[in-house]
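The values are calculated or read from the model by the stated rules, or taken from the named source; none is laboratory data. As the structure is a computational prediction, the values presented were derived from the model and not from experiment. Neighbour counts run over all protein chains shown; Cβ positions are idealised from the backbone, glycine included.
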Amino acid sequence: MEFVIFTVIYAISFIMSRAGLYILSGILLMAAAVALSIYYYLKYGRRVCPPAVFSISWIGGVGVSCLKLSYLETDWELLSWIAFYLAYAAFILGYKAVNAYAGSRNRETVVLQKSSEPSDIKIAYIMLNAIAVISLSSLTAEALILGYIPLFTTDTPHAYSYFHVSGLHYFTVSCVLLPALGSLIIRNELEGKTFSEVSVLKRADVTVCMGLGVFIPILLVSRYQLFCGILLAAAVMLISGGARINIRIGMKQLFAALVVMIVMIMLYVFITYERAHSIEYLNGIFEMKNKAMPIFISQPYIYIANNFDNFNCLVRELEEHTHGLRMLFPVFALSGLKFLHPELVAFPIYVTKEELTTVTLIYDSFYDFGIIGVFVFCFIIAAAAAMIERRALRANGDIFAILLYAQISIYLLLSFFTTWFSNPTTWFYFGITILGGILKLFSTSVTPK
């Protein structure tokens, strides 16, 4: 029933947009996004709920873009409207299908009741330290090769974009996983004891490694790496805290969340300043209709809204589909094939403006296979999210399943921002996480019973 109501609301929003009532069209969809998110949270009762997260991100993002506050934005093609709708429909259908199948076979999700196995914690400690050492070493090597560190440059807006040694940079940005791994270790180490009862060496080790996960993105002046690391840490803490939502939130938790939010805003402003992105420079690119709009509103707006307009550019201008080559980019990049056969990745990107190259989650799936590709892709992502969720939320929760689930959740939360699942860095993070799971299985199989 909820989807029938949403379909009617979506159709009304479409009609309003066609009539030039952009503000009303956008507000209607944003309200629908909030309502759907609340509905799915209450229905599934999980702290991190994929359909709820995707509802607020995807439908909310479409609603924000419908406001048309920038001169860069134009009326969307009918096929774009259909694609945005089908992406959401396929995701909800895929998620529900897995849950219905699992329920019919009596494989219901179990609320986390115990801490993870000791072998998980040992491997997580090893991975935490290994990633910290490798990431810092890779950063040092890149700085020596390139001759600079982005934070310490002046008047270079694209310093981070150029700070990239092929192959090596993947290891540098693996620091994103450090706060999340550290949070998982702390969560399990504190089971039944206070932080002071954990050995001083372990406390110092975890603190330093988590600190590197914040410090290195600041050196890189990368807002994405910084926020992704913090959001991943928050997600794993929520997930490992149990499957069900606890309505009672203490004042300490609220205060901690407020402090983190304030710190994130301050770091965002600091990194923006260090990237030499002045207000005049940014507002000139964004082409906002209201020239007096503050940058802390216009920048988040354009980073959400313009991505859907970039997709519309793709729909309007694409001459032929690439039949899987776009989505196989991680294979070509991680294997080095893109250097041997550059024609495999030599496809134009269709955007409203050269400087604004971020796109939506479904950009590459449409580029490859059109509207059918969008539907199948979103169905598969939802089904995979549902299966990994069930694994992560079982009793004696698998640390590496939780970490993988947290990553997918963050990508869904930022579904309006880029094509996460055809990004080689995403699969590099997945690979590290899966490696941890393999090491756990190996250690379990060789441990005497």
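Tell me which of these Gly20 doesn't satisfy, since it passes every other one: (1) modelled with pLDDT under 95; (2) assigned to a helix (DSSP H, G or I).
Here Gly20 clears every test but (2).
Of the residues Ser37, Ser80, Ser55, which single one is touching a residue at least 60 places away in the same chain (Cβ under 8 Å) and polar (S, T, N, Q)?
Working: Ser37 fails: touching a residue at least 60 places away in the same chain (Cβ under 8 Å); Ser55 fails: touching a residue at least 60 places away in the same chain (Cβ under 8 Å).
Result: Ser80 is the single residue among Ser37, Ser80, Ser55 that is touching a residue at least 60 places away in the same chain (Cβ under 8 Å) and polar (S, T, N, Q).
With in a helix (DSSP H, G or I), out of contact with any Cys (no Cβ under 7 Å at 6 or more places or on another chain) and closer than 18 Å to Ile92 by Cα as the only criterion, which of Ser65, Ser57 stands out?
On the way: Ser65 fails: closer than 18 Å to Ile92 by Cα.
The conditions single out Ser57.
Just one of Gly431, Gly437, Gly370, Gly336 is touching a Gly at 6+ places or on another chain (Cβ under 9 Å) and surrounded by fewer than 21 Cβ atoms within 10 Å (Cβ to Cβ); which is it? Working first, answer last.
Working: Gly431 fails: touching a Gly at 6+ places or on another chain (Cβ under 9 Å); Gly437 fails: touching a Gly at 6+ places or on another chain (Cβ under 9 Å); Gly370 fails: touching a Gly at 6+ places or on another chain (Cβ under 9 Å).
Every option except Gly336 fails the conditions.
For region 136-154, which residues satisfy the criterion of being farther than 15 Å from Val221 by Cα and part of a loop (DSSP other than H, G, I, E, B)?
Result: Gly147, single match.
Ile297 fails exactly one of the following numbered conditions: (1) surrounded by fewer than 18 Cβ atoms within 10 Å (Cβ to Cβ); (2) of a type in the set (A, V, I, L, M); (3) more than 22 Å from Val62 (Cα to Cα). What is the number of that condition?
Ile297 satisfies all of (1) surrounded by fewer than 18 Cβ atoms within 10 Å (Cβ to Cβ); (2) of a type in the set (A, V, I, L, M); (3) more than 22 Å from Val62 (Cα to Cα) except (3).
Can you tell which of Ala256, Ala243, Ala233 is at pLDDT below 85 and buried (at least 23 other Cβ atoms within 10 Å of the Cβ)? Explain how you work it out, then say what you get.
Working: Ala256 fails: buried (at least 23 other Cβ atoms within 10 Å of the Cβ); Ala233 fails: at pLDDT below 85.
Just one listed residue meets the conditions, Ala243.
Give me a count of the residues in region 44-69 that are polar (S, T, N, Q) and buried (at least 24 other Cβ atoms within 10 Å of the Cβ). Lay out the reasoning, then the answer.
Kept after step one, since they are polar (S, T, N, Q), are these residues of region 44-69: 55, 57, 65.
Now drop any that are not buried (at least 24 other Cβ atoms within 10 Å of the Cβ), which leaves 55, 65.
Going through region 44-69 one residue at a time, the tally reaches 2.
Are there any pairs, at least 6 apart or on different chains, whose C-beta atoms fall under 8 Å, with the first in region 212-225 and on the phi > 0 side of the Ramachandran plot and the second part of a helix (DSSP H, G or I), and if so, which?
These pairs meet every condition: Val221/Pro150; Val221/Leu151; Val221/Ala159; Val221/Tyr160; Val221/Ile271; Val221/Glu274.
Only residues that are touching a residue at least 60 places away in the same chain (Cβ under 8 Å) and part of a helix (DSSP H, G or I): list them for region 155-176, please.
The answer is Ala159, Tyr160, Tyr170, Val173, Ser174, Val176.
One line per residue, one yes/no per condition, for (1) modelled with pLDDT under 95; (2) hydrophobic (A, V, I, L, M, F, W, C); (3) within 16 Å of Gly182 (Cβ to Cβ):
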{"residue": "Ala87", "(1), (2), (3)": "no, yes, no"}
{"residue": "Ser119", "(1), (2), (3)": "yes, no, no"}
{"residue": "Lys122", "(1), (2), (3)": "yes, no, yes"}
{"residue": "Met127", "(1), (2), (3)": "yes, yes, yes"}
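Any residue in region 54-62 that is modelled with pLDDT of 95 or more, over 19 Å from Phe416 (Cα atoms) and not assigned by TED's automatic domain parsing to the domain that holds Arg390?
No.
Scan the helices (runs of 4 or more DSSP H) fully inside region 343-449 and keep the ones with 1 or more residues being of a type in the set (Gly, Ala, Ser), modelled with pLDDT of 90 or more and not assigned by TED's automatic domain parsing to the domain that holds Ser183.
Values: elements: 363-392, 399-413, 424-446.
Qualifying helices (runs of 4 or more DSSP H): 363-392.
Could you list, in sequence order, the residues of region 283-297 that are part of a loop (DSSP other than H, G, I, E, B) and in contact (Cβ under 8 Å) with a residue 24 or more places away in the chain?
Filtering region 283-297 for residues part of a loop (DSSP other than H, G, I, E, B) gives 287, 289-294.
Passing the criteria: Glu287, Lys289, Asn290, Met293.
Would region 382-399 turn up any residue that is within 16 Å of Cys313 (Cα to Cα) and β-branched (Val, Ile, Thr)?
Narrowing region 382-399 to residues within 16 Å of Cys313 (Cα to Cα): none.
No, region 382-399 has no match at all.
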